[in-house]
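Novice: Submitted below is the structure of interest, expressed as structure tokens.
What follows draws every value from the coordinates through simple rules; no lab data is involved. If you're wondering where the values come from, they're calculated on a predicted model, not measured in any experiment. Cβ sites come from the backbone with ideal geometry, for glycine too, and all protein chains shown count toward neighbours.
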Amino acid sequence: MSRSVTYRSEQPTITSVSPSSLGQTGGLVTVLGSNFGSSMTAVLTKDGGVITAPVIATVNNAGSLTFTAPFVADGDFNRQTCLGGGAQNIPTAFGVRVTNTQTGCSADLPGSLIYNPTNTACTLAITTAALSTAVACSPYSQTITVSGGTPPYSVFAAAGLPAGLSINPSTGFIGGTPVLASSGAGGSFTVNVTLSVQDVTSATTTKTLPILFSDPTGPFTVNGSSPQSVPASGSGPASAFSLPLGAGTGTISWSIDSPPAGLLLASATGATNSFVSSGLAPGTYSVTVRATDSLCAPVHTNTVTVTVNSP
């Protein structure tokens, strides 16, 4: 005669987990509850899903077990947006699930174990929203602001600043007196400046912002057509070279770069100028005329071809 025997396995339960908080590397955890069998494992859960591999638990009695909670990866933590950009890991609650390996029965206590991330720093970010206008020949002042990363911020840099401006690599302060570069038409224009900063861990971030260069008295250019014609002795046409009306902020000084012997300018200063020749051999010459503003030293040039006529 055969007889059937029915075994009943009680469903385990969890009532508490201690401690309730751990560092990111984990640690020893005690679970209180009921109906713990002789062979139990434990895992961590989040939003109903298992995020760690099972670890063997030590069963003290039917109502108590311990296990070593494992390390939790950065990607399993909740994230919080930082002021000025970037994000940081924040303390996150995970659930504990214990399982009887003989019966397959398990018990959960969601959100019972808070892990505290090791790295809570916000992502390194440049928080400066805009660069102030750089006015020609006027002092400029702006400090780049930064958030996140690991202070101190050791290396600041700025590529593309207008002539006359520079950045302090230790403080992020941009200062100086903006001037017109020696090329280009002058006047008001916008350029892009690429800012970068490095923190003490050598983490680096960049940000590109526009900066308006305002030239209230510009554009400061040298006007003059090519070719020009002058006699071997005497002066060329009046106002062969000129500045736009109102251009420049100080005294304009004129010069010729590496002039041919005997070729001069009629005036050393002023808004207009012309060639003067004295015993210059007839022929064709390439001549660069330079105009310099005395107030904040913007320099502009114009290269023309000069034909010297026979006397």
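Novice: To the nearest whole percent, what portion of all C-alpha pairs in region 125-214 is separated by more than 17 angstrom?
Specialist: Numbers: 1817 of 4005 pairs.
Above the 17 Å cut-off, region 125-214 has 45 percent of its Cα pairs.
Novice: Sticking with this structure for a sec: What does the highest-first list of 18-27, 120-129 look like by mean Cβ count within 10 Å?
Specialist: The peptides rank, most packed first, as 120-129, 18-27.
Novice: What order do you get for 67-79, 32-44 when each peptide is scored by the mean count of other beta carbon atoms within 10 Å, highest first?
Specialist: Values: 67-79: 15.9, 32-44: 18.1.
Going by the mean number of other Cβ atoms within 10 Å, highest first, we get 32-44, 67-79.
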